[in-house]
Amino acid sequence: MSCVYVLNASSLSQARAALTPLYKDTLSPASRSKAVFPEELNSMLATSQEYTSYLWERLRGSGPLPRLAPPLEARVLAHCLPVVSEDLIQSVTSLISMPSSPAGDDATTLNGILEVALGSIVNKAVAEIARLDHVYRDLAANALSRIFWSFLSTESGQKLIREWLLLSLPSLLRREPKNLALWASTVCLLSSAPDGVLRAALSLCCCPAGRSMIASDKHIKETGIPCLTQSQLLAVTAWSLTEEGSSLFGSSSEEQSKFVKIFLSRSMELEVPVEENSGDLAALLKCLFPSR
């Protein structure tokens, strides 16, 4: 959690003073042989999550001193949040995996605490990008993508992402207004994709130049000009995640079926294409690489 201590330090000397004892304890033989118990881990996670929650709130201009963060500060926060979250995950995981950590019931409790902590990191990030009043939603979405990517690098992280999709996607698809539900759901699904091409499509959601390539359903109805819409991009992403080549669901056909059912249950209300050939990446690739 070194990043948290640095970000909350008012000066470089204060940051160094905070970090020195932290790493001195972490690297000492005594600390390596010290067992970690559930109550200690709970306390540490509560403090760390409070810091990260404040950083998310500061990014959107909320918190104890509500004011809009300047663009430069917002970029710094957006770059730091994934690092802080990954630092927190790695620190807790390493503590639990120590040879001297408790076994039996205490070990089960520790693992349960870790799962809750990881879930809260994901939920906080998703909740922030799904806010209608977020000024720096693009920066928050990029931070979310980097956090998801750190989870996708491990099997346990992929399992967490799959569980999140099945539990939280329904409420995300019900967000109001409809455009927010489409955008936030698309960002989350693209961030969940292990496939590099799909993840590259995040630029269509998270930067002005990319969004200019996405037409609204209303615009297409009025002009009759065929373009890639936000609902089509959502459909492309959802169906691509269920293809055989996708490593997110792997051989778990039950989880994949649940995901498809959840998506289809809301697709009609959101006017999202439900044909399975919507998963064809041709339109997406043409949009991303028009010269190819």
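What ranking do 161-168, 253-260 get when scored by the average of other Cβ atoms within 10 Å per residue, highest first?
For the peptides 161-168, 253-260, the packing ranking is 161-168, 253-260.
List, in order, the whole-Hz ³J(HN,Hα) value for each residue of the stretch 233-241 obtained from phi through the Karplus relation with A = 6.51, B = -1.76, C = 1.60 and θ = phi - 60°; use x for Gly and Pro.
Karplus-based 3J(HN,Hα) across the stretch 233-241 equals 5, 4, 5, 4, 5, 4, 5, 5, 5 Hz.
Between Met213 and Glu176, what is the spin-label point distance in nm, taking each point 7 Å from the Cα along the Cα→C-beta axis?
With each label point 7 Å from Cα toward Cβ, the separation is 3.4 nm.
Can you work out the FRET efficiency for the pair Ser156 and Leu264, with r the C-beta to C-beta distance and R0 = 30 Å, to the nearest 0.05? All intermediate terms of the calculation are to be shown ahead of the outcome.
Working: r = 28 Å, r/R0 = 0.95.
In this case the efficiency is close to 0.60.
Each reported figure results from applying straightforward, stated rules to the coordinates on display, with no laboratory input. In this text, all values refer to a predicted model and were calculated from it rather than measured experimentally. All Cβ positions, glycine included, derive from the backbone under ideal geometry; neighbour counts span all protein chains shown.
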